[in-house]
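The values are calculated or read from the model by the stated rules, or taken from the named source; none is laboratory data. Predicted model only: the values in this text are computed from it and were never measured. Please note: Cβ atoms are built from the backbone with ideal geometry, for glycine as well, and neighbour counts cover all protein chains shown.
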Amino acid sequence: MSLTPSTMLPLGTPTIDFNLQDVISGNQVSLKNFEDKKALLIMFICRHCPYVKHTQSEIAKIGKDYTNKSLGIVAISANDVSAYPEDGPKGMKEQAKELGFTFPYCFDETQETAKAYAAACTPDFFLFDRQRKLVYRGQMDGSRPGNNVPLTGADLRAAIGMVLKDKPISFEQKPSMGCNIKWKSGSQPSYFH
C-alpha cells in the first residue's frame, strides 16, 4: 500500500464526460444522468483499500442524506482487477449492497475516467457546481485510519452545502489521502512521472 495524496486538480476544471456501467443496476451512467442536479459529486473509491473501508460508512451516509437534494452522486472504481480482483464488479456490488449505496457505483475498466479526472487515490472526491466546474477536491474530513479523529464528512459536507446555496467554497481545501489507484501495468498516468 502506497499512501498517496490527491493531485488537487485545478479549481474551475470542467467535468469530462464518461460512459460507465453501474454495477448495481447494470445501467450506463454518464454526465447526462445528472443534468437536472445543481451539483455533482464524483468519488473514486474501491472495495479493498483500508482508507475507503475507514470512510465508506460516511460515504454511504452522504448518499442517503442528500437523496432528496439537488446533488448528483456517482462512485467509480478504477483499480486493476487482475491484481485486485475484489475491486471488480462482483466485489463492488457486494460493497454497495452491504453499505446500502443510494448512488451509481461504476467500474472504470479502462481506467480512462480516473486518468481524465487526475484521480490519484482511494478515496478521492471531486465536487462540481451547476456549470460543472470543479469547486472542491480533497478530503472528506481529517479522519484517517488510526488517527482517532472522528469521521464526520465535515469538509465534504461543508463544500456540498455551500455549492447547493450558490456560495463559494471559503475554506482551505486539503488533499484526500489513501491508497494509490492500482494502475494496470505500464499505464500509470503522466501526472505521476
Quiz item: Quick one: is residue 36 modelled with pLDDT of 95 or more, in a loop (DSSP other than H, G, I, E, B) and surrounded by fewer than 17 Cβ atoms within 10 Å (Cβ to Cβ)?
Solution: yes
Self-check item: Selection count where residues are in contact with a Gly (Cβ under 9 Å, 6 or more places away or on another chain) and free of Cβ contacts under 8 Å to residues at least 60 places away in the same chain, scope region 18-34
Solution: 1
Quiz item: Across region 41-58, what is the total count of residues that are under 12 Å from the mean Cα position of the chain (by Cα) and crowded, with 23+ Cβ neighbours inside 10 Å?
Solution: 8
Quiz item: Name the pairs: first residue in region 88-114 and touching a residue at least 40 places away in the same chain (Cβ under 8 Å), second residue charged (D, E, K, R) and surrounded by 20 or more Cβ atoms within 10 Å (Cβ to Cβ), Cβ to Cβ under 8 Å, at least 6 apart or on different chains?
Solution: 91/47; 92/47; 94/47; 95/47; 104/22; 105/22; 106/22; 114/108
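Each row is one residue, and each column tells you yes or no for (1) surrounded by 11 or more Cβ atoms within 10 Å (Cβ to Cβ); (2) at pLDDT 95 or above; (3) on the phi > 0 side of the Ramachandran plot; (4) assigned to a loop (DSSP other than H, G, I, E, B).
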| residue | (1), (2), (3), (4) |
| --- | --- |
| 151 | yes, yes, no, yes |
| 155 | yes, yes, no, no |
| 158 | yes, yes, no, no |
| 170 | no, no, no, yes |
| 174 | yes, yes, no, yes |
| 179 | yes, no, no, no |
| 187 | yes, no, no, yes |
| 191 | yes, no, no, no |
Quiz item: Regarding residue 118, is this residue under 13 Å from residue 11 (Cα atoms), under 15 Å from the mean Cα position of the chain (by Cα), surrounded by fewer than 23 Cβ atoms within 10 Å (Cβ to Cβ) and not β-branched (Val, Ile, Thr)?
Solution: yes
Practice problem: Could you name every one of the strands (runs of 3 or more DSSP E) located completely within region 64-147 that has at least 3 residues being at pLDDT 95 or above and either within 21 Å of residue 28 (Cα to Cα) or of a type in the set (Asp, Glu) (or both)? | Solution: 71-77, 105-107, 124-128
Exercise. Return the pairs, sorted by first residue and then second, in which the second residue is of a type in the set (A, V, I, L, M, F, W, C) and surrounded by 15 or more Cβ atoms within 10 Å (Cβ to Cβ), the first residue lies in region 146-159 and is under 12 Å from residue 55 (Cβ atoms), the beta carbons are less than 6 Å apart, and the residues are 6+ apart or on different chains.
Key: 153/62; 153/140; 156/125; 156/140
Quiz item: Of all residues in region 66-87, how many are within 23 Å of residue 155 (Cβ to Cβ), of a type outside the set (Val, Ile, Thr) and free of Cβ contacts under 8 Å to residues at least 60 places away in the same chain?
Solution: 4
